Structure formats: structure tokens, C-alpha cells
Amino acid sequence: MALERWFRRQRPTRGDEGSPAGLWLKCPSCHAQIYRKDLVANLYLCPECDHHERMPVDARVAMLTDDGTFERWSGHILPVDSLEFVDTEPYAERLAAVQKKAERPDAIVTGAGEMLGERVAVAVMDFSFLGGSMGSVVGEELARAAERAAEEERAYVVVSASGGARMQEGALSLMQMAKTTVALEALTERRLPCITVLSDPTTGGVTASFATLGDLVVGEPGALICFAGPRVIQQTIKQDLPEGFQRSEFLLRKGMLDDVIPRRELKARLATYVRLLRGAPVDRERAAERVKVEKPELSRAAVL
Amino acid sequence: MPLSFEKPIDDLEARIRDMQSYAEEQQVDMGEEVALLENRLATLTRDTFANLSRWQRVQVARAPGRPTAVDYLEGVLDEFTELHGDRTLGDDPAVVGGLARLGDHSVVVIAQQKGRDTKENIHRNFGMAHPSGYRKAIRLFDLADKFALPVLTFIDTPGAYPGIAAEEQGQAWVIAESIQRMSRLGVAAVSVVIGEGGSGGALAIGVANRVLMLENAVYSVISPESCAAIRWRDAGAAPQAAEALRLTAPDLLEQGVIDEIVAEPIGGAHKDPAGAVANVKAAVSSAFEGLRGLDRAALLTQRRQRFRKLGRFTEAA
Ligand SMILES: [Zn+2]
């Protein structure tokens, strides 16, 4: 935990919560003005239209695991700039800046916890950290978590959010696709479920490796999920893209996802999947909890 | 058409040809002068190719006239018999698969094929596979496992095709599946990056026990052009991006991504395709020879470990 202390020490004294720009947000879907606190209290769903905003990692972990059960595994390995990659700015400097802001060494959090009583390991990617890109550390954390989940007889739940491989780490970032894939074998060998939740956005090398290799693969509503991004495709084919192209609901219709699950129902549904896949008997008491998270009383009504 | 940095080599070659035909016409002996120029040519070619920038290597890897996968299938293997189709969506010409013999052994081969001319390039979609191409690879991996036949793949693609149908048919899903299927092969697998190893679309058939790479081939997480457009916001910065991405064979050997560099004839594979094919044949044969003693379990473990350990990071204190 020395590392976390270090990050705390590095933290700037002025957080951005206090800035006036952070108080009100505009929903990108219905354009309503939303009070930031309401969005946070509402699982980052627009109180007006249920638009699924991207969710910070810690909030995601808190939402998916039972209170007080989460034990963090990740954070003990640090990325290195082995290629000394420099574009308009050195990678090492970008990395240092985002590490300081995020208070974690890379774009992922993994750990153990309970999900409505089910023993799980969770891995949650952080899109706000260099676009959730997968370099050696993200790949290694995903692999280690899969292997430790297998050792501890836990189901593995992964929430992806990533622009793909981290190009500043060159071909080794590409190789994380193979690494994360082979690490899942530990779970397969013990018949432990791996369930992947594709959140907005999941693209490139992450979609084309572990993220779509779950025993079950589900999407969050409205999430962009693709191999090549819409802009790349548009540039290639020089045509307009179909309505809703590459969004969860579109991919569900195309047969690529097991389901699209609203965030309020996600934890309950994942717990059900784990229980059914593992063939465990129903715990009647807990079954009552397997319903969706109700919309909270909001502190201030959203205004148009 | 020569690559820009090949111009002096090309000019010198033209001069030698001129001198030779002049000597023939005039019935004079210019052997000494020709030998001198040939000597200079050899030195110039060697020096030029020894000092290629990474961006120049990218150009060599994509050079017209460079042997394509089919040239290797024909030159390295005997009795190559193409097998078509993926049994689900169609038959993707960007991926060529089949059965063949390598020395005394039957093998299953899967190769990404660019065109040798414009017409073939269009037919092959410039070596950019659709999901059907990866599905074809997957069903051939199944075939190889069933009959315990070693697998040989040739990698040469700018990347998986980015199109509407490709996305609708799950391009990401099939690439992931192909990576996983190949990692599960119970037989020896050898991959050779012969030209361009373009991102996930290349890795999909590159999860081998031994990964070889031609001296002037490149293998990268993203093309220099796309990297430049994203990171420099300027596609013209491709040479800088190529430098930064460390995508050449020596770079990748150093990173542990590949196991061996296959030498190209002086001046590059496009100058002497037959020489390149011969080198690949020797390297592939000895790679399989090296894996011969390993049983199914050992092959699986070796391949899994090989990819599991890739990456660089430090442990926190
Ligand atoms: Zn809204």
C-alpha cells in the first residue's frame, strides 16, 4: 500500500470537484442540464433519459460488489516506457501526469469481492486513464486477476472500457491481446465463469481479445463496441454508417452479445449468471435482493 | 519502380547493364571495369540496406515485387492444395489456406495474401481479411488438430478490414476467437511475418510456438500512418511514428515478440524472390525440426508461456 500513499502524497491540493464547471453537466443524449451530484447518486445515469454516462472505476467497483467485501489486487506493478516513445509529448510525461490525477499506476483496477454473495474477481478498466488503453500493465493485471480468480475458485467479471492497445508501448501492447487470452485458460480449466461487460467505449485490440471471449458477453445500453472505430470505417468506405451502427443494441440484433443490460440491473443479473453457470442452488433469502437498484431520491430536479 | 532510396542502386545497375551490352556490341573486353562496378554495387547495396531507417523498412516490407504469401506457399512447400471457404459466410480471398507437404511432413497452411498486381490486389482486398477469412483460419486450425498436423502461417496484412459488413459479422469476435483457437493447438505451429504484420489482424494467425520474421518485414500495433494521424494529428509524421513504434525485426527480437530473424538476400526480398523463398524454407524447416520432440502438452504449455510472459513493467517496491 506504499504505492497508494505515494499517489496520495502526489495529489494536487486543489481537486476539480470545487470548480463551477463540474457542478452542472449537460446530458449528451437529451441535453438536459444535470446536477452533477444527481448523476453520481444515480449510477451515472441521466436522471431524465437514463442515458448511460461513462462511470468512474471506483463507482463501478462499489456498484458491482457487496459493501465492504472488495479487496484490491491491482496496483503493485508499474508501467515502463521501454520504447522511450515520444510523439508531441513524451509518453513518460503523459503517464506521470495521468497517474497523478488518477491516483493509480495504470488504467485498471482488479480485486476480489462478493456480488450478492457470489464469490467473484472483478476487473474494471478506466477509460479516463489514457483512453483505457491496454499496455503491458493492463494486460498483466487482467492476466493475474484471471489466474488468481481460478486459484481462489471465483468467477471472473470484467468491465471493459478502452480505445484498444496502447500504441506508445508498441508491439508489446499488441501482444497483450494474446496474453490476456491465454490467461483465461486458467478459468476454463476449472470451469469457472468469465463474464465480460462491454461498456462505452470498447474498441480495437480489447474488443478483439479477452473482452469478447467471456463465456457470456453483455453490453451496456448505448455503448460503442467495435473493432475499427466509426471514423476509420467512414474514411475507408466513404459512405454514411447505418443508424445505431456498432452500438450495443445493434450488436445484440446482429447476434454478437448475450444481452444488453441496463446498469441498474447489472449487478443482479451478473450474480444470477454466476449462480446459474455454477449450478448453485437458489438462496431464497438472497434471491429477494436480485432486483434492480431503484432510482434514488435526487437532491435537485434536473432542469431543462 | 524502385523505392526512393534505391535510386542510386538502380542507376548503378543500369550503368553496368549498359557497359555489358556495349562490350557485347563492340566485341571488346570490359570485364575488369564491369567487375569494379559490380563490386561498388554490392557495397552500395549492402550499405544502403544496413542503414535503412524504420520508415524505409516499412517501404521495403510493402515493396512491389516483394514475394507474397502464395510465392512462399509454392516455393517452400510441395503439393500445396488449396482449401476454400469458412463453412459459414463464404470464401475470403485475402486468406489462403490448404494442405501441403514440408519435407516429409504434411502441414496445414494459412496465409494472408496481398496481390502481386493491381488486379489481384483488388481481388485479395490488399490482404485485409473479413471475418470470413478468420473463420476459415479457425476451421483449418480444427482440421490440423484433428489430424495432428503441424500448422504453418504466413503473415502479410495491413490489418483486418474495417468495413460495415466486417463489423456486423463480428470482426473483433473472430479475431479474438482465432487468437484463442490458435493458442489451443495441440500441434506445432510456426508463423512467419513475411511483409506487414498489421495489428490484431496479423496476430490472429500469429500465436505460434515459434514466430519468425523476415529481415525487412515490419510488425506493429498500428500502421505508422494511423499512428501519426492519431498521435501527431498529421499523417505526414508517419516516418517519425515508424521510428517511435520500433516495428522492425531487430526491434521485435529485442522485445521478445519474435524468436528469429530470417535474412533476406542483399537488396531485399524483392530483388531476389527465389533467394528469399529459399531462406524461409530453411528457417521454417529448422523451426519445425526444433519442435519435433515436443508432445501435445509440451507444445500447448510452451506456446501459452511464450505469450503469457510478454510485456514490460516493474514491480512496485
Ligand atoms: Zn439525458
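The values are calculated or read from the model by the stated rules, or taken from the named source; none is laboratory data. It should be emphasised that the depicted structure is a prediction, and the values quoted were computed from it without experimental measurement. Using ideal geometry, Cβ is built from the backbone for each residue, glycine included, and neighbour counts are taken over all protein chains shown. Ligands, DNA and RNA are stripped out before the accessible areas are found, and what is left, the full protein with its side chains, is counted by its heavy atoms. Shrake-Rupley method; radii C 1.70, N 1.55, O 1.52, S 1.80 Å.
Observations
- Alpha carbon Rg of the stretch B:185-317, scaled by the compact-globule rule 2.2 N^0.38 Å: 1.18
- Within the stretch A:32-110, the GluC sites (Glu not before Pro) that combine a DSSP coil assignment with at most 13 other C-beta atoms in a 10 angstrom radius are A:GLU84.
- Farthest positive-ward along the stretch B:4-51 dipole, Cα basis, beta-carbon charges - from B:LEU12, B:ALA23, B:THR48: B:THR48
- Accessible area per residue for the protein assembly as shown is 43 Å², calculated with a 1.4 Å probe on protein heavy atoms, without ligands, DNA or RNA.
- Only lysines eight or more places from A:LYS26 in sequence, or on another chain, were considered; those with a Cα closer than 26 Å are A:LYS37, A:LYS101, A:LYS292, A:LYS295.
- In the stretch A:126-225, the trypsin sites (Lys or Arg not before Pro) that fall in loop regions by DSSP, at most 14 other Cβ within 10 Å: A:ARG190, A:ARG191
- Interface area, A with B, accessible, probe 1.4 Å, both sides summed, Å² nearest 100: 4900 Å²
- Here is the short version for chain A: A:CYS194, A:CYS226 have no other Cys C-beta closer than 4.7 Å.
- For chain A, the dipole from Cβ point charges (+1 on Lys and Arg, -1 on Asp and Glu) about the Cα centre works out to 360 debye, to the nearest 20.
- Taking every alpha-carbon pair in the stretch B:216-275 and binning the separations at 10 Å intervals from zero gives 23, 36, 32, 8, 0 percent.
- Rounded to the nearest 20 debye, the dipole size of the protein assembly as shown about its Cα centre is 2120 debye, using +1 on the Cβ of Lys and Arg and -1 on the Cβ of Asp and Glu.
- Kirkwood-based Rg to Rh ratio, the stretch A:10-303, C-alpha trace: 0.96
- For chain B, the fraction of C-alpha pairs farther apart than 33 angstrom is 29 percent.
- Helical mean residue ellipticity (222 nm; -39500 (n - 2.57) per DSSP H run of 4+; nearest 500) of chain B: -14500 deg cm²/dmol
- In the stretch A:115-182, GluC sites (Glu not before Pro) in a DSSP loop with at most 14 other beta-carbon atoms within 10 Å: A:GLU152, A:GLU153
- Helix content alone sets the calculated 222 nm mean residue ellipticity of chain A: runs of n ≥ 4 DSSP H residues at -39500 (n - 2.57) each, divided across all residues, give -10000 deg cm²/dmol.
- Cα-Cα over 23 Å, subset of A:LYS254/B:LYS136; B:LYS146/B:LYS281; A:LYS254/B:LYS119; B:LYS7/B:LYS271; B:LYS114/B:LYS271: B:LYS146/B:LYS281; A:LYS254/B:LYS119
- The phi torsions of the stretch A:160-166, fed into the Karplus equation with coefficients 6.51, -1.76 and 1.60 and a -60° offset, translate into couplings of 8, 7, 6, x, x, 5, 8 Hz, rounded to whole numbers, with Gly and Pro shown as x.
- Both radii come from the Cα set of the protein assembly as shown: Rg as radius of gyration, Rh as Kirkwood radius; their ratio Rg/Rh reads 1.03.
- Semi-axis lengths, Å, the stretch A:78-123, gyration tensor of Cα atoms, sqrt of 5 times eigenvalues: 33, 11, 7
- Binning the alpha carbon pair distances of the stretch A:110-267 at 5 angstrom intervals from zero yields the distribution 2, 10, 19, 22, 19, 16, 8, 3, 1, 1, 0, expressed in whole percent.
- Listed residues A:LEU95, B:GLN255, B:VAL284: farthest to the positive end of the dipole of the protein assembly as shown (Cβ charges): A:LEU95
- Folded to 0 to 90 degrees: helix B:7-26 orientation relative to chain B principal axis, Cα: 50 degrees
- FRET efficiency, 1/(1 + (r/R0)^6) with R0 56 Å, evaluated for B:THR88 and A:ALA59 via beta carbons: 0.90
- Debye intensity ratio in log₁₀ form over the Cα atoms of the stretch A:192-270, taken at each q of 0.22 Å⁻¹: -1.00
- Overall dimensions of the stretch B:126-169 by Cα: Rg and Dmax, Å: 12.5, 37
- Principal axis extents of the C-alpha atoms in the stretch B:4-51 (largest first, rounded to whole Å): 39, 19, 7.
- A loss of 20 Å² or more of accessible area (1.4 Å probe, protein heavy atoms, ligands and nucleic acids excluded) relative to the isolated chain is seen in these residues of the stretch B:237-263: B:ALA244, B:LEU245, B:ARG246, B:GLN255, B:VAL257.
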